[in-house]
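Inspection log for the structure reproduced underneath, given as structure tokens.
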Amino acid sequence: MKQAGEALTQHLNTAKSFRSCDLYALRLQSGMAYYWTDTDSNVSHGGHVYRADGPVITRNKTSTHSDVAVDKLSVSVSCDKHDQIGGVPILAVAHNGGLDGATMELKRAFFKQDGTLIDAVDIFTGTVEVKQGGGLTITLDVKSVVQKLNTEFPSKRYYPQCPYCVYSKECGVDIKKYRKRMKVTALTGVNTVGIDVPFEDGYYNAGGIEWVSGPLAGQSTQIMSSLNGTVMYMSASDTQATVGSEAYIYPGCDKTPETCKKKFDNFTRNRATPYVPLKETIR
């Protein structure tokens, strides 16, 4: 059920005509957030300014059901080279995988006849998937968070390695204690860069990079190896970082008790069961 404040409820019940617009909030996995509106002037709401000079965004209709259903919102984003995310055109970010795992929030704002904002109602929130793109327009499918209810049961299983993902709620390791801001200092190969953060060989293996500037801005990439001051990462596109590109980098975990104890000092939460054999070894 959509919740509206007292002032907005009074307005909706008494006004004969309405002035309203859509408010869009796009949040990337890296933590960057962008706020846009489909009206002709900026809108301030909830401590954020929804800009009117961004891309042209249109959407299909939404509906409300009494039962639990996985709904989907189709959003079309028309933009040019001046509409950017982290200094990179939105179309390039989408092509490079920078929108993977992003979330989009849709609100409907209502105004008085003099243009004063009354309030905004939450309409839809979901995970972004790039459906198609070409020319100056990309189409996004925003899927309801209800899809997360589709999980396997039972949730707990036993493996030689810890089943938790590092930095998850179950793991308990705070990523802020290990994440560092780094800058690319050299390109040493395909998807291999030198960085200005010193580290021991192998320290960042299986870790990740969250790009905040450069051609890969908004994209999160997995680290395959870290050796001799260079990092080789895996990317879904052929686009490469450039010297000067900045990102957050954090180490990975091989899920063994030894790594959990020595690298993260988190052995009390480790759920590895190294003496439980895999099913392939049982006769």
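If we scan segment 178-195, do we find a residue that is over 30 Å from Asp265 (Cβ atoms), surrounded by 15 or more Cβ atoms within 10 Å (Cβ to Cβ) and touching a helix residue (DSSP H, G or I) at 6+ places or on another chain (Cβ under 9 Å)? No - not one qualifying residue is present in segment 178-195.
Going through (1) under 21 Å from Lys176 (Cβ atoms); (2) open to solvent by less than 80 Å² (accessible area, probe 1.4 Å); (3) not β-branched (Val, Ile, Thr) one by one, Gln222 falls short only on (2). Could you check segment 168-250 for strands (runs of 3 or more DSSP E) lying wholly inside it with 1 or more residues that are more than 16 Å from Gly31 (Cα to Cα)? Here the list reads 180-189, 192-195, 220-227, 230-234.
Residues in segment 55-71 that are within 15 Å of Glu105 (Cβ to Cβ) and either assigned to a strand (DSSP E or B) or at pLDDT 85 or above (or both): Ile57, Arg59.
Just to be sure, is Thr268 in contact with a strand residue (DSSP E or B) (Cβ under 8 Å, 6 or more places away or on another chain) and farther than 18 Å from His95 by Cα? So Thr268 fails the test. Would you call Cys253 part of a loop (DSSP other than H, G, I, E, B), closer than 20 Å to Cys162 by Cα and touching a helix residue (DSSP H, G or I) at 6+ places or on another chain (Cβ under 8 Å)? When the stated conditions are applied, Cys253 passes them. Each residue in segment 84-103 was checked for being more than 12 Å from Val212 (Cα to Cα) and assigned to a loop (DSSP other than H, G, I, E, B), and 6 pass.
Answer with yes or no whether Thr127 is over 20 Å from the mean Cα position of the chain (by Cα), at pLDDT below 95 and polar (S, T, N, Q). When the stated conditions are applied, Thr127 does not pass them.
Residue by residue, here is whether (1) open to solvent by 50 Å² or more (accessible area, probe 1.4 Å); (2) β-branched (Val, Ile, Thr); (3) in contact with a helix residue (DSSP H, G or I) (Cβ under 9 Å, 6 or more places away or on another chain) holds:
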residue: Ala92; (1), (2), (3): no, no, no
residue: His95; (1), (2), (3): yes, no, no
residue: Ala102; (1), (2), (3): no, no, no
residue: Glu105; (1), (2), (3): no, no, no
residue: Arg108; (1), (2), (3): yes, no, no
residue: Gln113; (1), (2), (3): yes, no, no
residue: Ala120; (1), (2), (3): no, no, yes
residue: Thr127; (1), (2), (3): no, yes, yes
residue: Lys131; (1), (2), (3): yes, no, no
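Selection within segment 232-266: residues that are hydrophobic (A, V, I, L, M, F, W, C) and open to solvent by 30 Å² or more (accessible area, probe 1.4 Å). The member of this set that is nearest to Ala206 (Cα to Cα) is Cys253.
The values are calculated or read from the model by the stated rules, or taken from the named source; none is laboratory data. Quantities reported herein were computed from a predicted structural model and do not represent experimental measurements. Every residue, glycine as well, gets a Cβ built from its backbone with ideal geometry; the counts of neighbours run over all protein chains shown. Ligands, DNA and RNA are excluded from the accessible area calculation, which covers all protein heavy atoms including side chains. Shrake-Rupley method; radii C 1.70, N 1.55, O 1.52, S 1.80 Å.
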